[in-house]
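For reference, the structure discussed in these notes is given below.
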Amino acid sequence: MGVEATDRAQPPAPLEAQWITASQGGDRQAFARLVEAYWGRLYRWLFHLTHDRHAAEDLAQDAFLKAWSHLGRFQAGTNFRAWLFRIAHNAFANTRRTAAHRRSALPDDLPEQAPGPEESALSRESLAELARGVQQLPADLRAALLLRVEEDLSFRQIAGVMDVTEETARWRVFKARQKLMAWLERETP
Amino acid sequence: MNCEQVRQQLLARERPDRPGPALSRHLRGCDACCGWLRRLVKLERALSSVPVEVPPVPAALFEALEPAGPLVRPCVPFRPDRREGGRRKVALASALAAALLLFAIGWWAWPHLQGDPSAPSLAGYAARRDAHLARALTVQQRVQALGTLAGEMLRDSRDAAPADVERLALHLDQLLAVDLPGQARGLSLGEREAVLRPVLARLGGMESEATRLAAARTGKAAAAYARMAVSAREADRRLRAMLPA
């Protein structure tokens, strides 16, 4: 277990397209490659939504299983990542309706990670504060903001993932940023 | 533009770090907004730096991958054009029957070719569906019959073993994603409200029930029920899109 930069590496588009086509033909090995390519970033997003490692893992598994069984509906040439995240978001939305999430507090010690250029500009304490600020956001705002910032999805793509209008997607990112900025200004001296 | 308006606009942009000419003009002359934007951009970049321990992909996920079925074309109700001659009708009906026969053979053979008898498959689904449809004489009755079948499948799953729940989830998805909408498209616009509303009510109940069952079960059964809830919800959306505006 650990934080790896490869968690968020995007496979090259032609390679991904090959894997998708092969998967649609029933090639489990090809789909396994897609799982390996997207597991980290999908888990990460779901962890931020659920604040629960087990729930995030279950939802990520469920999303990939659904993607596998519905691959026939995926249109080649469209955004597989957005399609996958949409499946995951639907699963997350379903669980929200049935059970209150058991929120696990963020660990006092964040995982060790070799500092990159951004981290060197921010202390571990600042990152912990930021993580707590994100945690304070309502789930829908948090989901939209992270899709924008971490997955670099457009408002239109975010709307597709969350099954809302583009305007609503834009509004959610707007409110998330606004609340986060206000929260950080209150919390940090 | 005043500072408040500029900041509102920056918050609403996909890329606040690319403010555009109008906003840039304000930023060039306003240290306060410039500093605020720098904090916003730094904040967003830092979000990606919040470390999250990512577990490895569970082995169970790879084990659970079931054989993907062949791409399925929607079941469009056959509506012969009255202007066509009799011979063309017979030829078309023969071609359709041959295609259905080949499809049924392929449907039966596919799980066996995959060589994993324990994986859920659509075997048995077509026969069950056709048994319900055989009693229906009109398009309305066929839509109602498929709605009834969907409810029966969910009921059957309640006391079923996890492997059977998975199988039923697959069958239900086929029913709700392909067969039911396919039949519903055959309804005239005037018929749709009366025929589809009860089906939509049933789908809503199914989604709630499947969601409840997903929370009550664990492992594969829970995942299968979650799939059923999604299938019901997506079918609801598809059928609502067919209702007259």
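The values are calculated or read from the model by the stated rules, or taken from the named source; none is laboratory data. A quick note: this is a predicted structure, and the numbers were derived from the prediction, not measured. So basically every Cβ, Gly included, is an ideal-geometry build from the backbone, and we count neighbours across all protein chains shown. Heads up: the accessible areas ignore ligands, DNA and RNA and are worked out on the full protein's heavy atoms, side chains in. Shrake-Rupley method; radii C 1.70, N 1.55, O 1.52, S 1.80 Å.
Here are the numbers for this structure:
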quantity	calculated
Exercise: per-residue mean of other protein chain Cβ atoms within 10 Å, B:3-11	2
B:LEU149 accessible area, assembled protein chains, probe 1.4 Å, Å²	0
R0 of 25 Å, Cβ-Cβ distance B:GLU152-B:ARG238: FRET efficiency to nearest 0.05	0.80
Peptide-level mean, for B:210-220, of C-beta atoms on other protein chains within 10 Å	2
Straight-distance crosslink candidates among lysines, where the alpha carbon sits under 20 Å from B:LYS42 and sequence neighbours closer than 8 are dropped	A:LYS175, A:LYS179
Convex hull volume per residue in cubic angstrom - Cα atoms of the stretch B:6-47	58
Protection proxy ranking, peptides A:172-183, B:185-196, B:38-49, average beta carbon neighbours within 10 Å, highest first	A:172-183, B:38-49, B:185-196
B versus A: buried accessible surface, summed, Å² (probe 1.4 Å, to nearest 100)	5500
Span from the the stretch A:139-188 Cα centroid across to the the stretch B:173-187 one, whole angstrom	35
Set of lysines near A:LYS66 by C-alpha distance (under 27 Å), chain-local residues within fewer than 8 positions excluded	B:LYS220
Peptide A:62-72, shielding by other chains (average Cβ, 10 Å cutoff)	6
Efficiency of FRET from Cβ geometry, B:LYS42 and B:LEU200, R₀ 51 Å, rounded to 0.05	0.60
